[in-house]
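Participant: Here you go, one structure.
The values are calculated or read from the model by the stated rules, or taken from the named source; none is laboratory data. Everything quoted here is computed from the prediction, not taken from an experiment. Methodologically, a virtual Cβ is constructed for each residue, glycine included, from the backbone with ideal geometry; neighbour enumeration extends over all protein chains shown.
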Amino acid sequence: MTSATATGLVRAIKPRRPRTRRSVELAMLLFAVLIALAAYADVGLTRSHRLPPDVLTYGLGLGALVIVAHLAVRKFAPYADPLLLPCAALLNGLGLVLIHRLDLVAPKADRSDATLQLAWSAIGVIGFIAVLVVVRDHRRLQRFTYTSMLLGLALLSIPSVLPARFSQVNGARNWIRFAGFSIQPGEFAKVLLVIFVAGFLVAKRDALALASRRFVGIDLPRGRDLGPVLLAWLVSIGLLVRGRDLGMSMLFFGFFIVMLYIATERLSWLLIGTLLFVGGTFVAYHLFGHVRLRFEIWLHPFKHAQGSAYQLVQGLYGFSTGGLMGTGLGNGRPDLVPFAKSDFIVATIGEELGLTGLMAILLVYVVIITRGLRTALSVRDSFGKLLAAGLSVCLAVQVFVVVGGVMRLIPLTGITTPFLSYGGSSLVSNWALLALLIRISDAGRRPAPAPTPRPDDALTQVMQL
């Protein structure tokens, strides 16, 4: 047998290159844009009985953004999960529709928020592409474990030390405001802190998994290992007390404890974390008036319906009005709820799309979160597993905190709904979070390089046949 024949046999037995599923992603992206475009047209038909004059501009703008993002994924992360980007694009597009719907009944000064949100979406997509280009290998982020911690804690603490006129919005000190520009640094801090926690747990997982004694069937950790948990607890209580930010406090401590449980598989960490947070909140309730007010609004909203609980009560009335199927886009009165574009955009969904529409949107979040957790299972390195799980858990906790607060399941927090709510900080940071998930997904789904067979090996296999 000649060398050319042997080379042909090598090519014949070479495994087929796995599919990247980018065509599926593109089809799903176009479907997401069509849904958002139909919703935008529906708002115009309902409010003015004609198609909005800028419907084509909106469709082309949103379509251009998602196509650019798709091309970046096709170029820099070709094996990534094909559903992550379309789900985020759908949420972003529907958020633009809801903000535009609220613009139509807003004062003239606030009627450009949808246009501004589209600009923030473009910045978010640019940041998304930048993360994919810069972070070619997610494992390199492990080198910046403690740098991420310092930057994250700095971003969390800056609003607390600034004067209230530069940091306080709606009672919470979680902003940096200067010269007409404002940024919510906690939204970026959450991504940095997830990177830190993932790197820290990879290094300390074995020590944290050790048990000192068994109590009521639960293996308790060693006392010397409680230091990181106590530090995270102090940071979260500091956010609650000094920053008056219950939402970011719950978000930070929540994803830290869940990641600790994932890394060690010790149920005791969940119990200890829950007891610490509940105990700290109980003490803060009795010592600080603003914490007590949050819980009073939660427990007795209708008692303060015309005062401090007005926003929550109006949101609950909106859910009641929407019922199962909703009033229809453009037919409700979500503008009666203060800050409906940001903190209470979930109430807008509940009123005009009903419980059915709200559950459908929550299912889109479930898809992103479950695909993120699936990425954690598929990636091969420990840091990637914890980072993907942490980013997914962070998104899940944020959605739970927002929806739970608006629906009065937990105290009202005031943080934004990812990809949906009006706000540049939230949108840009969540696009960066999505880019990291896509980068890890690409690494997890990318086939391992197969050794190149020699022609002699192919001849041997043929002779054996």
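Participant: Just give me the residues in the stretch 123-141 being of a type in the set (G, A, S) and either buried (at least 16 other Cβ atoms within 10 Å of the Cβ) or closer than 9 Å to W431 by Cβ (or both), in sequence order. Working first, answer last.
Facilitator: Going residue by residue through the stretch 123-141, those that are of a type in the set (G, A, S) are 124, 127, 130.
Within the stretch 123-141, G124, G127 meet the criteria.
Participant: Just one of the numbered conditions (1) under 19 Å from G95 (Cβ atoms); (2) at pLDDT below 95; (3) not charged (D, E, K, R) is not true of M359; which one?
Facilitator: For M359, the failing item is (2).
Participant: Quick one: L377 ticks every box in (1) in a helix (DSSP H, G or I); (2) of a type in the set (A, V, I, L, M); (3) crowded, with 24+ Cβ neighbours inside 10 Å except a single one, so which number is it?
Facilitator: (3)
Participant: Surrounded by 14 or more Cβ atoms within 10 Å (Cβ to Cβ), of a type in the set (K, R), more than 30 Å from D442 (Cα to Cα) and modelled with pLDDT of 85 or more: which single residue out of R22, R47 fits that description?
Facilitator: Among R22, R47, only R47 is surrounded by 14 or more Cβ atoms within 10 Å (Cβ to Cβ), of a type in the set (K, R), more than 30 Å from D442 (Cα to Cα) and modelled with pLDDT of 85 or more.
Participant: So, one more: Looking at the stretch 56-85, which of the residues that are under 20 Å from W120 (Cβ atoms) and of a type in the set (V, I, T) is farthest from the chain's Cα centre (by Cα)?
Facilitator: So the residue we want is T57.
Participant: Taking the stretch 312-367, which residues are hydroxyl-bearing (S, T, Y) and assigned to a helix (DSSP H, G or I)?
Facilitator: Residues of the stretch 312-367 hydroxyl-bearing (S, T, Y): 317, 320-321, 327, 342, 348, 356, 365.
Within the stretch 312-367, Y317, S320, T321, T348, T356, Y365 qualify.
Participant: Sticking with this structure for a sec: If the requirement is being in contact with a His (Cβ under 7 Å, 6 or more places away or on another chain), outside any loop (DSSP other than H, G, I, E, B) and in contact (Cβ under 8 Å) with a residue 24 or more places away in the chain, which of these qualifies: I297, I272?
Facilitator: On the way: I272 fails: in contact with a His (Cβ under 7 Å, 6 or more places away or on another chain).
After applying the criteria, what remains is I297.
Participant: Based on this model, can you work out whether L324 counts as over 22 Å from R408 (Cβ atoms) and in contact with a helix residue (DSSP H, G or I) (Cβ under 9 Å, 6 or more places away or on another chain)? Steps first, please.
Facilitator: On the way: over 22 Å from R408 (Cβ atoms): no; in contact with a helix residue (DSSP H, G or I) (Cβ under 9 Å, 6 or more places away or on another chain): yes.
Spelling it out, it is not the case that L324 is over 22 Å from R408 (Cβ atoms) and in contact with a helix residue (DSSP H, G or I) (Cβ under 9 Å, 6 or more places away or on another chain).
Participant: Moving to a separate point now. On the basis of being among the polar types (S, T, N, Q), under 28 Å from G405 (Cα atoms) and at pLDDT below 85, does S268 make the cut?
Facilitator: Numbers: among the polar types (S, T, N, Q): yes; under 28 Å from G405 (Cα atoms): yes; at pLDDT below 85: yes.
When the stated conditions are applied, S268 passes them.
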